[in-house]
Every structure is written in structure tokens, then in C-alpha cells.
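S.K.: Pasting in a structure now, in C-alpha cells, and then I'll have a few things to ask.
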Protein chains: 2
Amino acid sequence: MGSKAQELLKAMRAEIETELTLFLKEQSQFLANIAEELGPPARSLSSFSLDGGKRLRPLFAFAAYIGAGGKSSPEVTRAIASLELLQACALIHDDLIDGSDTRRGKASIHRHFETLHQNQELAGFATRYGQGAAVLLGDLALVWSDQMLNSSGITTAQLLSVLPVHDEMRVELMAGQFLDIHEQTEKNTSVHRALKIARFKSGKYTVERPLHIGASLAITSLPDRSEINEIYSNYGLPLGEAFQMRDDLLGVFGDSNITGKPAGDDLRESKHTVLIATTFERVSEKQRVFLHENLGKTNLESATIDSIREIITTTGARSYVEDLIEELTDRALAALARASLEETGRALLLELAEIATKRSK
Amino acid sequence: MGSKAQELLKAMRAEIETELTLFLKEQSQFLANIAEELGPPARSLSSFSLDGGKRLRPLFAFAAYIGAGGKSSPEVTRAIASLELLQACALIHDDLIDGSDTRRGKASIHRHFETLHQNQELAGFATRYGQGAAVLLGDLALVWSDQMLNSSGITTAQLLSVLPVHDEMRVELMAGQFLDIHEQTEKNTSVHRALKIARFKSGKYTVERPLHIGASLAITSLPDRSEINEIYSNYGLPLGEAFQMRDDLLGVFGDSNITGKPAGDDLRESKHTVLIATTFERVSEKQRVFLHENLGKTNLESATIDSIREIITTTGARSYVEDLIEELTDRALAALARASLEETGRALLLELAEIATKRSK
């Protein structure tokens, strides 16, 4: 048995999944009433949203809500569970943009529909059908997330309080995603730019904004929550960056059986992460040439992946990023320690910091 | 000088564009503050939303609002103008899914960013960059549309009234889009299925739902507006289908200088429209073989396009669809004539029926 905070997070995760299951069932029925052809996309999107995921964003929002004095309720659970559907949109579109074949150990959405097209020997082009389905299912997930929030049953004051934060978060998410694809068009890596992307994609979207959403549900007056928002930024921004660095390490060194993504996926996609940018700052000329020759190759062999991993390790880039994660996490925890917060909320945030930065998937 | 209704629509179109311009300027500044790299996407999305478009959906919402007794205000204008940004999302993603090169006489968004990548000799793949940018700009347009609605300044009662209708409309839009791409995987056309798609893509999304949105802003109690909603459905559904049939005809016979899309675009994409499905019901075996050989060819020559057009005309499919447009429009106008509506609103809806079904672009 875990600590009280661990038990509470576990219970909350189950409640989030119950609410998601209910919402997806209702909405799938709505689609089925329009046309039976909408059965497969509804089922795909439902199982994509339910089979896996750490539910980190709703849990951060929940912890922040409790930390700001909120009392848990099914309405608030529904409101924050909607963040999982936004995340489904981000992942489906991300996989499409990156051309990733797998997600959470299964076929990514565009590959799933491509295969479906091939197996059923449908007319037209399988690749195009897969891409089209992924664009539209991502859009549907985005619209559903909004609908789940709007129809959650939270009070009018809570809804009016959360909408502006939610909208700003989504704009920042799309901005971060655009910066990420734009970064891949740069010929050289830059630690500075990689850090900026980490800040928007993860610092803000994964941690800080979900915390602000939680705060906005507990304290509906913006002036009244400015102090706690600042605390949450001081905790959330460094923690979110640490979360992203952990992602970077898992994208290179992660166990594919646990991450559900192929080993070395970030290397095949030549992601300009902080880890890779740091490596480039430290390589010999020979190593630089080797990396430039191999990063981004879609058919990277496992021996080459091992050689790249060795370079990242021996240059010290790997331990540099590990140290950075620790430093950023310490900064987040220090902000938490000195903050005036409801004690259960603080315990939840402490536990979540552990989960976000020490995870293996 | 036009009629009073024409003048009012013209003035409203200008106000919608003013509000869109203001919103896009503010939001582009927000992005520029995040990173200068966000300048090009912000500019592209702004000019895409501002350069062209008939503003039909906001105008339908406006007419319905006035028809239901609403008084015009900048807040309501902002709320309904947001529909143009939703439409920007639909068009950007639609062009990406269909692989269309042009929109409103200019490069489609994915082609624009592909060209930008080539011209600036960026790293990575131009096609992939173009596709990624189009996915994300469509997402951003969707989020912006929501933000523009949420921050429009309409009353809380209006916002609570409009959100459920708005959410349902967006789900129906994505459902219609999915049915559309799914239809292209069918080996044969079907008038029945083509009509169903026309109902969701246009009957509901382009006309009926914008009307319900207008009604929900004028009468915030759902039971109180059930009668006017029914009137708007009786007018909006047939009119929306007629709108889509006009689109089908323009997609084959339209003047590319006016439509801003290449001549015969629907033939190159082998769209299963009501027009094409009707043609297939009436062709000889020889014509059927000819159509199957040529529809969907991306490099269709203009002589072949002319031959296909001739088949569509001589089989009588073209005049059948023209008759259907007239019949559907008559049904819409009859519903309008017998309805109890505020007179200016009725005049606006009359005028809009003309614009939606007799247009040349």
C-alpha cells in the first residue's frame, strides 16, 4: 500500500477514467445515430483515449484544485478529465506529423486506418485515407474535449473562470507544436531553442496550465488566485521542463516494451531535443559527421542506435540532462515547500513531481 | 443600390471582417511575443481568414438572431464572426486531406508552407513540413474560433445558451467530414449516401446550425426557442442541401477565375457528389467505363474534363440537380413565408437563400 497521496491519485485516476468512459460512450452513440460508418472512428478514438496514458494533466489540475482549497466533485472530475481528450488530439496529430507508426504499443491512428483500408480492399489510396482519418479524429478529439468541459456541470462561475485559461493553454500548445516542427527545419541544433520548445510544449502545457486550470476551478476570482497561480508557475514551469527532459531521455534510452514507442524513435525522427543539442555541443568532428549521417534515417539499425547512444553517454550529455532534471525538479520542490498551500494538495503535487520526472514511460 | 436587406448584409459583412481583423491582430501579437518564428504561421492564418470568403455562416447566424428578435451589437458580431475561424479550420484540413493545391485563387496552406520550405532551403522534407503546418494551423484556427466566441463579451446567459449548440455543430461537422472521406473509399457512388453527406456537411453545418446559434443568442431559454428552431430547421436543412448541390455544380462547371479553384477539381478528386452519383445512374455502359477510367486522375486534361462535363449534361444529371436546387430552395422559402418571424430577419433570410443557391463561387 502506498502513501495517502498515492492512494488518492490512484482513486482519482480511476474516477477520471470512469468519467471519460461515460462521456465517450454517450458521444459514440451520438455518432452511431448519425451513420453506422461512424462506428469505427468512434471506437478508435475511444480506445485510443482509454487504453493507456498516465492522466498526468488531469491529475496536476486535480492536485492544484485541492491545493487551492477545492473540494472534489464529479463535476470537477469531468471538467479536468477533458484534458485527456485534448491530449488525444495532440498525440494523434503529432504522430501524423512525425510519421510515427506506433503509440502506446499499438498502431498510431493514421496507420490503423491505413491498414483498415488495405485489409478491406477499399477504393482510393490507403495512405491518404489514413492521413485524412487522423486529421479528422484529432479534430474530433479537440471538439470533444471542449464539449466535455462545457457540459461538465461545473458552476457558471467556475466555467467563466476556466475558459480563458483553457483557451490560452490551447493556443500555447499549438504554438509549441509549431515551434517543434519548425525546429526540425533548422540545419543545426541549439540548446537555447530546444529549451524554449520544452518550456512551451511541456512546461506550460503539461504542468503549469493544468495547475492554473485547477486553481481557476477552486478560486473563481482572478485577482484572488494570482498568488497561488504564481506558486504554481514557480513549481510547474521547471517541473514541466524536467518532464520534457525525461521524455528526451526515454526517446533515446527508453525500453520500448515499457514506453510503447520503438527504441530510438527520437533518433529516427532527428528530434532537436535538449539532449541531442547538448550532445552536439560536446562531440568530436568525427562524431558530428557520424551523427549528421545517421540522425533522421528512417531505417536506422539497432547497432547504429547503440553507437549513437554511446556518443550521447560518453560525451556526458546524458548525465548533464539527468543533472538538469534533478536541478529543475529541486527548484520545483523548493517552490512547493515554501508555498502556503492546503496540505493534501501539497502532498499530491510532491507525489506528481516524482511520477513526472522518475518515470520509465 | 440594393434592397434594404442587401445593404444590411453588406454592412454586417464589413463588421464581421472588422472584428475578425481585430481579433487576428491581437492573437498574432500574442504569438509573436512567444517567438518570432510564429510570425509566418500567424500571418498565413490571418490572411487566409481575411482574404475572401462569403461569410455565409456568420450571416446566417446574424439573420436568425435578428429574425428571433435580437438587437445587433458588437458582442454578438464577435460571437458569430468566430464561425469564420471554424470554417478556416475546416478548409485548411479539407485541402490537406484532399491534396488540393489552391484555395480562393491562392496556394492552399500545406502547399504554401511546402513552397516556403523549398524557397528557404530548409532542412528536412518540404512536403512533411507543409503537411505539419497545415495540421497545426487548422488546429489553431479551431482553438481561435472558440476563443473568439468565449471572449466575445456576450452575456453569460447567451454564452451558456450558445455553447451546447456550438459544440454539437462541431461534432456534426467532423462527422460529416469523416463520412465524406469514407465515401471516397466506396467503389460505387450512391445518390442516397451523397445526399446524407450533403445534409451533414452543408445542410446542418453551413445553414441549420448557424441559424440555431443565432436563435440561441436571441432567446437564451431552450424551451422558448424550440418553435423558432423548428422554423429554422425547416428553412435551413433544404437550403443547405441546395447550397451543397450548387457547390457540386461549381466543382464541375464553375469558372476557375471566379471560384478560385482549378476547373473540374471535383473530377480530379473523384468526389462522390449527388451530381456524379446521379450521372452514374443514367450513363450507358460505354460512358460508365470512360468515367471510371478518368475520374480521380490527378492529371486530367481539359479535353477529358470537357467530355465528362458533356456526359453529365447530356444524361440530364446537370439539369436534374438544377431542378433539385430549385425544389429544395422553394421548400426553404415556403417554410420562411409561413413562419412567424421578425420582418427584417425574414428579409435577410430571403436574401441569403438567393446568395447561397444562385452564386457563381
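The values are calculated or read from the model by the stated rules, or taken from the named source; none is laboratory data. If you're wondering where the values come from, they're calculated on a predicted model, not measured in any experiment. Here the Cβ is made from the backbone with ideal geometry for all residues, glycine too, and neighbour counts use every protein chain on show. To get the accessible areas, we keep the full protein, side chains included, count just its heavy atoms, and leave off ligands, DNA and RNA. Shrake-Rupley method; radii C 1.70, N 1.55, O 1.52, S 1.80 Å.
S.K.: Among the charged types (D, E, K, R) and modelled with pLDDT under 95 - does that describe any residue in the stretch A:48-58?
M.R.: Within the stretch A:48-58 (the criterion being among the charged types (D, E, K, R) and modelled with pLDDT under 95), the answer is yes, since at least one residue qualifies.
S.K.: Let me ask another. Would you please list the contacts, defined by Cβ atoms under 7 Å and residues six or more apart or on different chains, that run from a residue in the stretch A:17-35 that is within 14 Å of chain B (Cβ to nearest Cβ) to a residue that is of a type outside the set (A, V, I, L, M, F, W, C) and open to solvent by less than 80 Å² (accessible area, probe 1.4 Å)?
M.R.: Short answer, once both residue conditions are applied: A:LEU24/A:SER46; A:LEU24/A:SER49; A:SER28/A:SER46; A:ALA32/A:GLY39; A:ALA35/B:LYS196.
S.K.: Would the stretch B:217-226 turn up any residue that is farther than 30 Å from B:LYS71 by Cβ, open to solvent by 40 Å² or more (accessible area, probe 1.4 Å) and of a type outside the set (Lys, Arg)?
M.R.: The answer is no, given that none of the residues of the stretch B:217-226 is farther than 30 Å from B:LYS71 by Cβ, open to solvent by 40 Å² or more (accessible area, probe 1.4 Å) and of a type outside the set (Lys, Arg).
S.K.: Tell me, yes or no, whether the stretch B:48-71 has at least one residue that is aromatic (Phe, Trp, Tyr), within 14 Å of chain A (Cβ to nearest Cβ) and part of a helix (DSSP H, G or I).
M.R.: no
S.K.: Have a look at A:LEU249, A:LEU239 and point out the one that is within 30 Å of A:LEU163 (Cα to Cα) and assigned to a helix (DSSP H, G or I).
M.R.: That would be A:LEU239, the only listed residue that is within 30 Å of A:LEU163 (Cα to Cα) and assigned to a helix (DSSP H, G or I).
S.K.: So which helices (runs of 4 or more DSSP H) stay within the stretch B:268-356 end to end and still have 3 or more residues that are touching a residue at least 24 places away in the same chain (Cβ under 8 Å)?
M.R.: Ranges flagged: B:274-282, B:302-314, B:317-337.
S.K.: If we scan the stretch B:2-11, do we find a residue that is out of contact with any Pro (no Cβ under 6 Å at 6 or more places or on another chain), of a type outside the set (D, E, K, R), surrounded by fewer than 20 Cβ atoms within 10 Å (Cβ to Cβ) and outside any helix (DSSP H, G or I)?
M.R.: The answer is yes; a qualifying residue exists.
S.K.: Among the residues of the stretch B:203-231, which ones are outside any helix (DSSP H, G or I) and of a type outside the set (A, V, I, L, M)?
M.R.: Across the stretch B:203-231, the qualifying residues are B:THR220, B:SER221.
S.K.: Is it true that some residue in the stretch A:189-202 is touching a residue at least 40 places away in the same chain (Cβ under 8 Å) and not in a helix (DSSP H, G or I)?
M.R.: Yes: one or more hits.
S.K.: Ok, one more. Given (1) touching a Ser or Thr at 6+ places or on another chain (Cβ under 9 Å); (2) on the phi < 0 side of the Ramachandran plot; (3) open to solvent by less than 50 Å² (accessible area, probe 1.4 Å), where does A:LEU275 come up short, assuming only one miss?
M.R.: (1)
S.K.: Does the stretch B:240-257 contain any residue that is among the hydroxyl-bearing types (Ser, Thr, Tyr) and modelled with pLDDT of 95 or more?
M.R.: no
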